[in-house]
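Enquirer: I have a structure I would like to understand better, so I am pasting it below and will then ask my questions one at a time.
The values are calculated or read from the model by the stated rules, or taken from the named source; none is laboratory data. Since the model is a prediction, treat every value here as computed from it, not as a measurement. Methodologically, a virtual Cβ is constructed for each residue, glycine included, from the backbone with ideal geometry; neighbour enumeration extends over all protein chains shown. The protein model used for the area step is the full one, side chains on, heavy atoms only, and it has no ligands, DNA or RNA in it. Shrake-Rupley method; radii C 1.70, N 1.55, O 1.52, S 1.80 Å.
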Amino acid sequence: MLKLLHAPLTYCVRQSLKINVTKENYQRIFSCLFCNNVSEQKSKIDEEVAKLLALKAQLGDGPAPKFQLKTPKGTRDYDAKQMAVREKVFNCVIECFKRHGASTLDTPVFELKETLTNKYGEDSKLIYDLKDQGGEMLSLRYDLTVPFARYMAMTKSQNIKRYHIAKVYRRDNPAMTRGRYREFYQCDFDIAGQYDPMIPDAECLRIVSEILSGLDLGEYVIKVNDRRILDGVFDVCGCPSDKFRSACSAVDKLDKMPWEDVKAEMMEKGLTEETTDKIGTYVQLSGGIDLIEKLLTDESLLKSKCAVQGLTDMKQLFNYLEIFQVIDKASFDLSLARGLDYYTGAIFEAVLMNSNTANEKERVKGETVGVGSVAGGGRYDNLVGSFDPKGRSVPCVGVSIGVERIFSILEAQMKRDGQKLRTNETQVYVASPQKGFLQERMKIVTELWNSNIKAETSYKKNPKMLNQLQECEESGIPLVIIIASGELESGVVKIRSVTSREETTVQRENMVNELQSRLSSCNGTEE
């Protein structure tokens with residue numbers, strides 16, 4: 001019997017004390033376990049454990065485990081080329097936000113845990129909680145919308161048009177190849193305040209269209225729906241009100257799962273087959289303003305006040321989208337649900353289309369075969385009021401651009417097309433074919449910096465001329481200033497075009513003006 005128990009007992013002791021258990025130590029502990037006197041048993045066990053701990057202290061902790069050098073799961077580093085892609089995207093996004101009159105705000109990367117609690121529905125389990133180290137229970141922000149609503153309530157602001165670009169964190173199962181991370185950037189644009197219905201909502205969709213078209217990502221569709229329409233559908237189809245949100249979460253998966261799977265999930269959540277079938281006749285519909293007008297005559301939906309309000313506003317939204325010239329990119333899609341609990345009205349989501357999909361011409365408008373959502377948002381009129389002690393609400397609508405997925409798509413496109421992207425903005429390189437010109441090169445670089453020209457030179461005393469020119473070609477630097485003993489004596493410098501390899505001699509005092517003229521004419525790149 002001792003032999004049979006020796007292995008598991010030894011394993012347990014090793015795991016708890018992390019030292020080797022000798023046969024002698026094992027026998028002493030084993031005898032303690034089978035001692036009849038409970039107090040004597042405890043005393044002997046404590047005594048033997050103390051001896052083993054003392055032995056462990058003498059032996060030390062042993063070799064440290066091998067350290068694995070890597071980034072945490074769901075995160076990544078970005079090299080210079082990848083950062084150049086990101087900067088291109090950010091510049092496009094920020095330029096669009098500013099064009100629409102937004103100011104920028106910033107909020108802390110973590111919030112009080114109670115600020116984020118019960119704001120995200122089933123996704124609340126993805127919030128990163130932080131250990132209490134200062135008397136407050138904290139969590140990393142899940143998105144930028146809830147912190148913005150908290151800011152609005154704290155400052156008692158009544159209207160603002162803002163943008164915010166920052167990192168958010170989700171304890172999700174990452175899919176790195178599809179741009180799904182645990183740490184990632186969001187680019188948010190929000191309009192808060194009392195305005196005539198659907199005008200701010202239409203502007204948000206116009207912004208999405210401008211950004212996606214500006215980045216040249218290919219064909220896309222902006223799916224639009226209203227949470228009030230969904231609530232009305234659930235109501236008239238017999239779904240209990242306490243199951244609206246869980247049903248909404250299931251319907252939101254229709255872009256990833258067939259209806260039969262979504263139906264099965266809804267039934268697992270307590271809905272009857274009859275109810276789910278009725279819901280299915282609505283949530284599988286998509287189209288344009290014709291569909292909206294058709295549903296406005298649906299006898300079942302007319303029984304729901306919130307559905308009628310949602311459809312009426314949706315019709316107004318599509319009228320504004322036509323004025324904003326976005327109507328050809330929008331699709332009224334009843335399968336769109338957006339699982340976050342704080343949405344109260346219009347919701348939208350932009351999806352890139354798969355241009356390689358077969359039979360694409362036969363696809364009905366709004367029937368999306370996409371590569372994933374790249375933007376999403378909606379109206380959240382009650383979120384600010386949930387933080388205000390007096391419950392004062394501020395109507396809000398906003399959109400978030402999924403830049404991480406856009407980064408992944410652009411990187412894949414550039415790799416496929418063999419595109420090169422500059423990782424710096426240097427305009428002029430100062431070079432010399434002769435030795436002993438380091439200080440002269442440094443003087444010219446300083447003069448160029450003082451004139452707001454982006455310039456650099458080699459930090460080697462005597463670099464080879466070929467290496468200097470190769471550096472310019474590899475980095476995409478358009479112009480080179482060349483100095484040597486002859487140029488110094490004559491008071492001139494040579495300006496070389498890297499692409500054409502043509503050289504022009506100019507007076508030293510005219511060097512800056514000549515460079516500025518060339519750079520201005522080609523916007524920083526050599527033609």
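Enquirer: Considering amide H positions built from the backbone, and no H for Pro or chain starts, which residues 5 or more places from Phe184, or on another chain, come under 5 Å of its amide H?
Expert: Val168
Enquirer: Same structure again: What is the sum of charges, Lys and Arg at +1 and Asp and Glu at -1, for the other residues whose Cβ falls under 14 Å from the Cβ of Val89?
Expert: Net of charged neighbours comes to -2.
Enquirer: Once you have the Cα-Cα distance between Lys88 and Thr312, take 0.36 nm times their residue separation minus that, and quote the gain in nm to one decimal.
Expert: Stretched fully, the Lys88-Thr312 segment lengthens by 76.7 nm.
Enquirer: With a cut-off of 17 Å, note down the residues of the stretch 107-146 whose backbone N falls inside the zone around a label point 7 Å from the Cα of Phe387 toward its beta carbon.
Expert: So the set is 107-121, 137-146.
Enquirer: Measure up Lys167/Lys464; Lys73/Lys243; Lys253/Lys303; Lys161/Lys390; Lys263/Lys415; Lys125/Lys156 against 32 Å on the Cα-Cα distance and list the ones that go over.
Expert: Lys167/Lys464; Lys73/Lys243; Lys263/Lys415
Enquirer: Ignoring everything but the protein chains, give the 1.4 Å probe accessible area of Glu136 in square angstrom, nearest 10.
Expert: Counting only protein heavy atoms, Glu136 exposes about 100 Å² to solvent.
Enquirer: A further question follows. Could you give each residue of the stretch 304-316 its phi-based ³J(HN,Hα) in whole Hz, using Karplus coefficients 6.51, -1.76, 1.60 with θ = phi - 60°, and x for Gly or Pro?
Expert: Couplings: 9, 5, 5, 5, 5, 4, x, 5, 5, 5, 5, 5, 5 Hz.
Enquirer: When the Karplus curve 6.51 cos²θ - 1.76 cosθ + 1.60 is applied with θ = phi - 60°, which whole-Hz ³J(HN,Hα) does each residue of the stretch 208-221 get, with x for Gly and Pro?
Expert: Karplus values, whole Hz, x for Gly and Pro: 4, 4, 4, 5, 5, 5, x, 7, 6, 8, x, 5, 8, 9.
Enquirer: Next question. Could you tell me the accessible area of Ser373 in Å² (1.4 Å probe, neighbours in place), rounded to the nearest ten?
Expert: Spelled out: Ser373, probe radius 1.4 Å, area about 40 Å².
Enquirer: Count charges around Ser209 for me, please; just the other residues with Cβ under 14 Å from its Cβ, Lys/Arg as +1, Asp/Glu as -1.
Expert: Around Ser209, the surrounding residues sum to -4.
Enquirer: Continuing with this model, one more query. Can you work out ³J(HN,Hα) from phi for every residue in the stretch 472-487, in order, using Karplus 6.51 cos²θ - 1.76 cosθ + 1.60 and θ = phi - 60°, giving whole Hz and x for Gly and Pro?
Expert: Whole-Hz 3J(HN,Hα) from phi for the stretch 472-487: 5, 5, 5, 8, x, 6, x, 10, 10, 8, 10, 10, 8, 4, x, 5.
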